[in-house]
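First comes the structure, then the notes that go with it.
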Amino acid sequence: MYSDQRGEWLPYADALVTYYAGEIGSTEQGRDAERAVLVRDYVEEALAQLDQTGLVIVFTATEACRSIWPGLSNKRLGESGLPGDSLIRAGKASVAVIRCNNTAAVPQVVYRTEGRRPDDPDQPAMPGVRLYHLPDTTHPSWLLAQASRVHRSGQFGARAGSQYTRWTLPADSAGLMAKDWHAITAIEITVARTGGLNHLALAALTARLCHQAPSWDDRIRLPAPLHLAVKADDDHPDRNQEKPPPEEPNQAAS
């Protein structure tokens with residue numbers, strides 16, 4: 001992880017200590033046209049300090065990054081304006097860029113043609129542990145989907161979301177309406193730049209890194225390096241710091 005305070009790449013735990021001791025971000029950087037340039041420059045400066053040549057693979061979060069890098073937007077995907085451009089221009093490394101989306105914008109998996117449940121022929125089978133290629137896309141994209149852990153647990157009501165809709169729920173199960181419905185989690189994997197590698201190899205690498213959770217025994221919804229980057233921000237003390245209550249007015253002054 002890159003450390004702002006130290007100005008170098010450090011082991012993840014060491015970088016977290018220095019990161020959490022400071023502020024979560026800078027108001028000088030942002031998503032408008034002028035400040036997005038500063039974000040891109042900051043990332044390129046950090047990548048330039050990597051002690052690595054040959055191949056660098058950059059994982060990006062779709063929603064967080066496509067407004068910063070033009071080459072990660074839907075209309076200009078894969079064009080100039082991608083993380084790692086400076087490494088390529090300097091001839092230091094080949095750079096592959098993978099866009100990962102696990103937000104509500106990813107289509108929900110609702111149909112699988114190669115299987116049916118034996119006990120319910122009208123219900124499609126759940127996705128297998130595999131990558132599903134999305135057809136008719138300009139840039140190769142895949143969907144990695146699986147039932148959520150709660151859904152797979154089999155506890156009461158956990159599978160209501162894959163057996164019913166909220167309009168077909170039987171009257172004797174009406175109590176489930178107030179509970180969270182679990183079904184399928186999904187991540188869309190799109191290769192914006194190959195760095196000379198095969199598209200499918202990069203997608204498979206991304207999927208495997210989703211199955212290498214750093215801190216629990218199930219799959220995570222982003223590849224491990226990107227998951228750790230997101231968690232660093234989510235767990236920063238400034239993220240959930242409560243604002244102090246407003247001061248009481250000075251009665252004497254009023």
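The values are calculated or read from the model by the stated rules, or taken from the named source; none is laboratory data. If you're wondering where the values come from, they're calculated on a predicted model, not measured in any experiment. All Cβ positions, glycine included, derive from the backbone under ideal geometry; neighbour counts span all protein chains shown. To get the accessible areas, we keep the full protein, side chains included, count just its heavy atoms, and leave off ligands, DNA and RNA. Shrake-Rupley method; radii C 1.70, N 1.55, O 1.52, S 1.80 Å.
Determine the shape class of the chain: with a ≥ b ≥ c the square roots of the Cα gyration tensor eigenvalues, call it rounded for a/c under 1.5, and otherwise prolate if a/b is greater than b/c, oblate otherwise. Cα axes put the chain in the oblate bin.
Measuring between their Cα centroids, the range 1-65 and the range 190-228 lie 19 Å from each other. Ranking Leu131, Val106, Gly81 by how far each Cα lies toward the positive end of the dipole of the chain (charges on Cβ) leaves Leu131 at the top.
Local charge for Cys210 was computed over the other residues whose Cβ lies under 9 Å away, with Lys and Arg +1 and Asp and Glu -1, and equals +3. Taking each residue as 0.36 nm, the span from Ser173 to Asp136 lengthens on full extension beyond its C-alpha to C-alpha distance by 9.3 nm. Rolling a 1.4 Å probe over the protein heavy atoms leaves Asp238 with an accessible area of roughly 60 Å². Between the listed residues Asn198, Gln49, His211, the Cα displaced farthest toward the positive end of the dipole of the chain, a dipole computed from Cβ unit charges relative to the Cα centre, is found at Asn198. Residues Trp9, Trp181, sorted by accessible area with the largest first, give Trp9, Trp181 [1.4 Å probe; ligands and nucleic acids excluded]. Peptides 28-35, 13-20 ordered by packing proxy, namely the average of other Cβ atoms within 10 Å per residue, highest first: 13-20, 28-35.
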